[in-house]
Structures are given as C-alpha cells and as structure tokens.
Amino acid sequence: MQVSWDFSVDRVRRGRGAAAGWDDNFPVSAEFLWYIPNQATPGHRGDTVAADHNSLDTLAAQARSLEEHGWKGALLGTGWGRPDTVTVATALAARTTTFEPLIAIRPGYWQPAHFASAAATLDHLSGGRVRVNIVSGKDDLAAYGAAEEDQAERYGRTAEFIRLVRRLWTEQRVTYEGTHYRVTDSTVVPRVVPRPGRPHPTLYFGGASAAAERVAATEADVQLFWGEPLADIAERIDRLRGLTERLGRALPPLEFGLRVTTLVRDTTEQAWADAEARVAVMAGSHAAPKQDSHRTAVGQRRLYELAERGDVLDDNLYTAPGRVGGGGAGTTWLVGSAQDVAKSLRKYQDLGITHFVLSDTPYLTEIERQGTQLLPLLRD
C-alpha cells in the first residue's frame, strides 16, 4: 500500500502553518538519538550474546561510541526485571561528556517528588544532559507493590505526575493536592538550571489511546510515535495539534518524535536480503505475538494490524517482523541503503517529527555504521 504522500504533507503543513507560521523554505531541525539495551538478559533483538552485555564497561563503550559518531544520546528502556534506568543513566553520564540519556521511567515506580529530585540532581551533575521518557503502560504491578488501575485512573495519575514534576523543577515551595499525589511546601534541590530552548529536562511521552493523547496534548513536551506509515503519523499529528487547541494547552507547542528500527546496509538489495533472512530466523524461533485486545496497548495493536495492509508500506516500512515476534520498536523496520532510509526519515521530518530514536543490532556495530552512513545524510 502506498500513502498519498503529497496530500499528507500538505495537510499537516497547512495545519502547522496556521498555528505556528510554517515556512516551506525553512528546514525543521531534528535530533537523533539511539537506544541502549538496558536488559538483564543478553541477545536483545539479535544483539551480540555476551556475559558482560550489561556491564558498565560495555554500556559505556556504546555511550562513548554514540558521542564519537554524532548521536545526541540514547533511550534507556524501563520495565520491572530490568536494571534501574536512573542508576544506569547516572553511571553513563559519569563516563561521557556530551551523551544525553533519555531515561524511561514509570510513575508507578516513583513518587513525583522523589523522581524530580533524582533527575534534578543528575541534571546538575551532568551539566544539563537529562531527558525523561514517561511510560504509562502496564507492567508487573504486584512485583513492586502498585495497585491495578483502569485506563482512566492510570492516565489521570500520569498527567498529575508530569504536571507535578514540571512544577517542582520550575517553582519553589510547591503545594499541590491532587487525586493521586500531594506535596506541601516542596522545593527540589539542587535547582534545575534553565538552558537555551530547554527550561527543564525534556519530557517525552508515548501512547495511542484517546486517554494517552489527552495527556500528551496537555502535559508532554514530546509525543513519541512507533514506526507507523506516513499517512497514519500525519493523521495523528493533525489530531494532536487539534487537541492542544481544544484542551487549552498552556505549554510551548507539542513536539513529535519517532521510535523505529532502521536496518541500513551498503545497498538496497543487501538490506532487504538481510531483513528477510532475519525475519525467517525470527519465524523459526518465536511464536506469533499474542494480540489480546484487553491487554495489548493501543499503539502496539496498531503496529500489529499494519501487517494486514501488506509486508511493505510506503517505500520501505517493513511490517513482517510484527507477525513473527517483533514488538515495540522491533515491530516495523525501515529497510534499505543509507540513502533509502534517510529519504524516508526526511519525509517523517517534513510531517513535523523533530526527535528520532533509531536502533538496530548488533547495537555497537550499528551505532558506528548508521552514525557514519546515515546521520550525515540527515543533517540540516
């Protein structure tokens, strides 16, 4: 299936222009981050299997390679049964000079004042390098003592968490009493130092349900999308921009990001041969993903359903991995030469995506390959 590309871009540009004065001749600047496999088990998504896969030396080598090859930083994924992201981010910040950790955290793990203090301390010690990804999806709640919540409660709690953390970073002597959280006369020390274009650590957020989009529209700095086709992303950006207006967003304009696997090789033919071979291996070793409509997140269901529209959407968005065990950012891949993948990413950028979180395995090898071959094609 091919999207109506010109129509999608024109529609989103018109919507953006009405709100923010879009200039077709002005390039949209973008930031490019990677992913560091914050895992307890080796071999994540085909990564090199090694006993020291999550040692400080191994993870720091990846962070330093990201610095060397032009990446801004990397997402550190979260989940019960994985290393704590704030601890890992602190260790990596101490081993690097420009690397910016995008620290995924769950409100259920943290009280907002505790997290605001921990993040402010690391931001101070690292010279302003902290970014935060708020994850609201369900996890092993019983394992860390959280209670089961319905969707409305979960996203209501997330909205309060983001709102209170932001206030604690930007105000002093905060008193707040909400449905889920309360603090009295609270001041986080050390104080977050505002920096050009960044009054506090940037708050990323994901989610595709109506409840999640309301949180993004009113509370987040950046809405992250999975690797969906261009027309679908255009529709979601259009809808979110409309939501920010209808819900009276009081913050700077919402920004948008893309989290996707990028399989890059020297030639288009080699990339597709490797992609198809990898999917064949996955098909032989993984069961098809379970799609329980009551438990699978809305965004993940959207990715699984893409395969029903074809194995390849747009020019090179490969949906087959989702049928054979791929999940999250591994459900869809952008496949091709550096030129092919750069062309696709620029189309997302034209829609308004300004934050890219890319990855492929083996992670260390691909940091260098894509930093050398792909990133130079994406610079303004």
* Structure fact -> Output ordering of 80-93, 253-266, 297-310 (per-residue mean of other Cβ within 10 Å, highest first) is 253-266, 80-93, 297-310
* Solvent exposure of the chain as accessible area per residue, Å², 1.4 Å probe -> 43
* Asked: Counting each DSSP H run of 4 or more residues in the chain as -39500 (n - 2.57), what helix-only mean residue ellipticity at 222 nm follows after dividing by all residues, to the nearest 500 deg cm²/dmol?
  -> -13000 deg cm²/dmol
* Residue (of P196, A211, L224) at the positive-pole extreme of region 191-248, dipole from beta-carbon charges -> P196
* **For region 193-292, Kirkwood radius (reciprocal of mean inverse C-alpha pair distance, Å)** => 16.5
* Structure fact -> Taking R0 as 35 Å and r as the Cβ-Cβ distance between S55 and R182, the FRET efficiency 1/(1 + (r/R0)^6), rounded to the nearest 0.05, comes to 0.30
* Please identify which residues in region 100-143 have an amide N closer than 13 Å to a label point set 7 Å out from the Cα of E149, following the Cα→Cβ vector. => 106-112, 135-139, 141
* **Positive dipole terminus of the chain, leading residue within A329, A147, G137 (C-beta point charges)** => A147
* Structure fact -> Convex hull around the C-alpha positions of the chain: the volume in Å³ per residue is 138
* Asked: Binning every alpha carbon pair distance of region 308-379 at 5 Å from zero, what are the percents per bin?
  -> 3, 15, 23, 26, 21, 10, 2
* **Percent accessible area from carbon and sulfur atoms, the chain, protein chains only, probe 1.4 Å** => 51
* Stokes-Einstein D for region 130-232, Kirkwood Rh over Cα pairs, 25 °C, 0.890 mPa s (µm²/s) -> 161
* Looking only at Cα atoms, what is the convex hull volume of region 235-369 per residue, in Å³? -> 137
* Structure fact -> Magnitude of the Cβ-charge dipole (Lys and Arg +1, Asp and Glu -1) of region 83-215 about the Cα centre, nearest 20 debye, reported as 580
* Asked: For the chain, with only Lys/Arg (+1) and Asp/Glu (-1) charged at the beta-carbon, what is the dipole magnitude about the Cα centre, in debye rounded to 20?
  -> 900
* Average the reciprocal distances over every distinct pair of alpha-carbons in region 28-72, invert the result, and give the Kirkwood radius in Å. => 11.7
* Would you mind computing Rg(Cα) / (2.2 N^0.38 Å) for region 63-150, counting N as its residues? => 1.15
* **Residue (of L258, N316, L345) at the positive-pole extreme of the chain, dipole from beta-carbon charges** => L258
* Shape of region 308-349, Cα gyration tensor, a/c cut at 1.5 -> prolate
* **region 184-275: antiparallel DSSP beta bridges as a percent of all, rounded to 5** => 10
* To do: Could I have the simple spin-label model distance between A277 and L251, label points 7 Å from Cα toward Cβ, reported in nm to one decimal?
  => 4.4
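The values are calculated or read from the model by the stated rules, or taken from the named source; none is laboratory data. Being a predicted model, the structure only gives us computed values, none of them experimental. Every residue, glycine among them, receives a Cβ derived from its backbone with ideal geometry; neighbour counts consider all protein chains shown. Accessible surface areas use protein heavy atoms only, side chains included; no ligands, DNA or RNA. Shrake-Rupley method; radii C 1.70, N 1.55, O 1.52, S 1.80 Å.
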